[in-house]
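Encoded as structure tokens, the structure appears first; notes follow it.
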Amino acid sequence: MQQIKEQLVEALKSATTAEQVERIRVDFLGRKGSITLLAKNVDFSKLTAEEKKGFGQKLNELKGFATDAIAAASAALASTATRKKSNDLDLTAPGKGRRLGALHPITLAQMELEDVFQGMGFTVVYGPEVESEYFCFEAVNIPHDHPARDMQDTFWLKNQLVMRTHTSAQQVRALKRFGAPFRGVFPGRCFRFESIDPSHENTFYQCEGLYVDKGVSVANLIAVMRTILSQTFKRDVKVRLRPGYFPFVEPGFELDLNCLICGGKGCATCKNSGWIELIPCGLVHPEVLRQGGIDPKEYSGFAFGVGLTRLAMMKYGIRDIRYLNCGDLRVNEQFSTIM
Ligand code: FA5
């Protein structure tokens, strides 16, 4: 019994986990444990009454000792574990940051642009992304067989519906609804069946502008373009105006921005040309006014189509358009803080 007691004490000394203590309990007090077997292995018929009594007493003492020692070892281990856990708790560690929602850079650019136009008395109107072929093409002077239809690769839907290829689809809708005089902008998403590269996406944003009144000229158009550029970039930027063809304007222009990614030296974003096509524009074609129920002898106007996605790229220094639709929140988080 003394030997078993010593073995037990030694075993408990080296136990460091609750599992090891439980193993010791089973080894000593379990059904086949050494203390339990002590009683089973003794031939009581050979013992006197006095000896039986002495053996029973000693065995009970040993059982009591083993039970207490095992319980004490378990308790000691449990309290060490708790202490260890609370030692791990570093109350000075910085808290976990909460991820705040952020606005997409295109949304930021759109909101800013809408503000600039509202400041000049323009109304902001949103139109449908699924558009009728009529408003997208015929209404803006692009009949069925017109070669200009090939300028925009179209996602065709059923029932003469298309995914709008440009926000110019809003021009005649707005004229029919508001009449003249009218000044408004139509920001929104456009879709084209395009091959994708650093400056072309199949889903991108434009912001159309339409100004119709008596005696509107190219001078008015240029004044508005100047305001957009200075308010958006808040610094001097280099632009060039060159003739451009669009069936819904006459004359038509392309306004290109000197690439702000490479400073005009040439890079993948501007296809090594140093320039980014940003705001095509021109005087509204009389046929478009007529489609909108406006008399072109009485009214004239200008229209423009800001490449809003490209504007956001230039404003925020985003060199590849594909970052904008990739859905990676780390892109957004760089541009806006709270929302
Ligand atoms: C148009 O869509 C005309 N509706 C614009 C217009 C309006 C002209 C009013 C005259 C008067 P364009 O296809 O060039 O034109 O597109 C206009 C702008 O949208 C481009 O200069 C460019 O900045 C942007 N854009 C066009 N295609 C893409 C594309 N795939 N990805 C990103 N931006 C594009």
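The values are calculated or read from the model by the stated rules, or taken from the named source; none is laboratory data. From a predicted model like this one, the values you see are computed outputs, not experimental measurements. Please note: Cβ atoms are built from the backbone with ideal geometry, for glycine as well, and neighbour counts cover all protein chains shown. Note: accessible area is taken over every heavy atom of the protein model, side chains too, but ligands, DNA and RNA are not part of it. Shrake-Rupley method; radii C 1.70, N 1.55, O 1.52, S 1.80 Å.
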Subject >> Interatomic Cα distance distribution for segment 35-137, bins of 5 angstrom, percent >> reply: 2, 8, 7, 7, 6, 6, 5, 4, 4, 4, 4, 4, 4, 4, 4, 4, 3, 4, 4, 4, 3, 3, 2, 0
Subject >> Rounded accessible area per residue of the chain, 1.4 Å, Å² >> reply: 56 Å²
Original post:
In nanometres, what is the gap between the two model label sites at M151 and K32, each 7 Å from Cα along Cα-to-Cβ?
Top reply: 9.2 nm
Subject >> Cα-only Debye scattering, segment 226-269: base-10 log of I(q)/I(0) at q = 0.17, 0.23, 0.28 Å⁻¹ >> reply: -0.62, -0.89, -0.99
**OP:** Quick one: grab Rg to one decimal and Dmax as a whole number for segment 105-333, Cα atoms only, in Å.
**Re:** 17.0, 53
**OP:** Counting other Cβ atoms within 10 Å, keep those with at most 13, restrict to DSSP loop, and tell me which trypsin sites (Lys or Arg not before Pro) in segment 1-59 are left.
**Re:** R31, K32
**OP:** From largest accessible area down, sort S336, S45, S230; use a 1.4 Å probe on the protein chains.
**Re:** S45, S230, S336
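Multiply the residue gap between F193 and F65 by 0.36 nm, knock off their C-alpha separation, and tell me the result in nm, one decimal place.
Working it through step by step, the gained length comes to 37.6 nm.
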**OP:** Measure up K265/K315; K13/K53; K13/K84 against 26 Å on the Cα-Cα distance and list the ones that go over.
**Re:** K13/K53
**OP:** Using a 1.4 Å probe over the heavy atoms of the protein chains, calculate the carbon and sulfur portion of the accessible area of the chain as a whole percent.
**Re:** 53 percent
Original post:
What ranking do 141-151, 116-126, 161-171 get when scored by the average of other Cβ atoms within 10 Å per residue, highest first?
Top reply: 161-171, 116-126, 141-151
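Just by accessible area at a 1.4 angstrom probe, what is the order of E61, E254 from largest to smallest?
The most accessible residue leads, giving E61, E254.
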Subject >> the chain - mean residue ellipticity at 222 nm from DSSP helices (-39,500 (n - 2.57) per run, n ≥ 4, rounded to 500) >> reply: -12500 deg cm²/dmol
Subject >> Sparsely packed chymotrypsin sites (Phe, Trp or Tyr not before Pro) within segment 196-277, loop by DSSP, other Cβ within 10 Å at most 14 >> reply: Y245
**OP:** Can you tell me the order of 299-305, 33-39 when each peptide is scored by its average per-residue count of other Cβ atoms within 10 angstrom, highest first?
**Re:** 299-305, 33-39
